[in-house]
1. Does E147 satisfy the condition of being open to solvent by 60 Å² or more (accessible area, probe 1.4 Å), acidic (D, E), modelled with pLDDT of 95 or more and under 24 Å from E31 (Cα atoms)?
2. If the requirement is being touching a strand residue (DSSP E or B) at 6+ places or on another chain (Cβ under 8 Å) and over 18 Å from G34 (Cβ atoms), which of these qualifies: G97, G117, G133?
3. Mind checking which pairs have a first residue in region 74-85 that is of a type in the set (V, I, T) and a second that is in a loop (DSSP other than H, G, I, E, B) and modelled with pLDDT under 95, Cβ under 9 Å, 6 or more apart or different chains?
4. Hey, among K58, K111, K87, which residue is assigned to a strand (DSSP E or B) and surrounded by 14 or more Cβ atoms within 10 Å (Cβ to Cβ)?
5. Among the candidates K134, K79, single out the residue that is among the basic types (K, R), within 15 Å of the chain's Cα centre (by Cα) and surrounded by 15 or more Cβ atoms within 10 Å (Cβ to Cβ).
6. Just to verify a result, which residue in region 39-55, among those that are in contact (Cβ under 8 Å) with a residue 24 or more places away in the chain and outside any strand (DSSP E or B), is most open to solvent (accessible area, probe 1.4 Å)?
7. Pick from region 10-24 the residues that are assigned to a strand (DSSP E or B) and modelled with pLDDT under 95: which of them is least open to solvent (accessible area, probe 1.4 Å)?
8. Name the pairs whose Cβ atoms lie under 9 Å apart, with the first residue in region 115-139 and closer than 10 Å to M101 by Cα, the second part of a strand (DSSP E or B) and among the aromatic types (F, W, Y), and 6 or more positions between them or separate chains?
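The values are calculated or read from the model by the stated rules, or taken from the named source; none is laboratory data. Model, not experiment: these values are computed from the prediction. We place every Cβ from the backbone using ideal geometry, glycine too, and count neighbours over all the protein chains shown. The accessibility values were calculated without ligands, DNA or RNA, using every heavy atom of the protein model including side chains. Shrake-Rupley method; radii C 1.70, N 1.55, O 1.52, S 1.80 Å.
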Amino acid sequence: MNNASTIKKPIAIKIVTDIRDGQMKETTAVEAQGTYYKKDEVVYLTYTEHQEEVGDIKTLLKIKEDEVTINRTGAVKMKQSFRKKVKLEGTYMSPYGRMDMMTYAHNIEYKKLQKRGHLFFTYDLTLQGQSVGKYAVTITFKEEEHEHC
């Protein structure tokens, strides 16, 4: 595998998730240091999330024009894809056990401008056959500068 043309760039990444389930609304935000790279026409974002209750979770986001795949390893194992207007199955493994997931994405938007990027997608989530709400995820990142001019 030749990665000579794949330049990995350090990024600051922020993930904001809005969850709506009936009248309930919850927002979570995670900020981390990560890496951005592009191979062919696919964008990859990687970062590690530190969760005190369970440990470190490494996340790889794979962004194509019409599909987003999230692959998490470590304290939690999850692989889930999101494709606009398509139901897709996945699994979620945590210290508490395995759950079957199903997502139906309504919207996926990705923009990259010079040294920053923005990914937004919305989906319905079903766990173990039960609807658990509507999710809206906003991921923003910007390339980190190493030298101060």
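1. Values: open to solvent by 60 Å² or more (accessible area, probe 1.4 Å): yes; acidic (D, E): yes; modelled with pLDDT of 95 or more: no; under 24 Å from E31 (Cα atoms): yes.
Answer is no for this residue.
2. On the way: G97 fails: touching a strand residue (DSSP E or B) at 6+ places or on another chain (Cβ under 8 Å); G117 fails: over 18 Å from G34 (Cβ atoms).
Checking each option against the conditions leaves just G133.
3. Going by the 9 Å Cβ cut-off, the qualifying pairs are V76/V54; V76/P95.
4. Numbers: K111 fails: surrounded by 14 or more Cβ atoms within 10 Å (Cβ to Cβ); K87 fails: surrounded by 14 or more Cβ atoms within 10 Å (Cβ to Cβ).
Being assigned to a strand (DSSP E or B) and surrounded by 14 or more Cβ atoms within 10 Å (Cβ to Cβ) holds for just one of K58, K111, K87, which is K58.
5. Numbers: K134 fails: within 15 Å of the chain's Cα centre (by Cα).
Unique residue meeting the criteria: K79.
6. In this case the residue turns out to be E41.
7. From region 10-24, those assigned to a strand (DSSP E or B) are 10-21, 24; that's our starting set.
Next, only the ones that are modelled with pLDDT under 95 stay: 21, 24.
Numbers: D21: 74, M24: 89 Å².
Top of the filtered list is D21.
8. From residues that are closer than 10 Å to M101 by Cα, the pairs are L125/Y104; L125/Y135; T126/Y104; L127/Y92.
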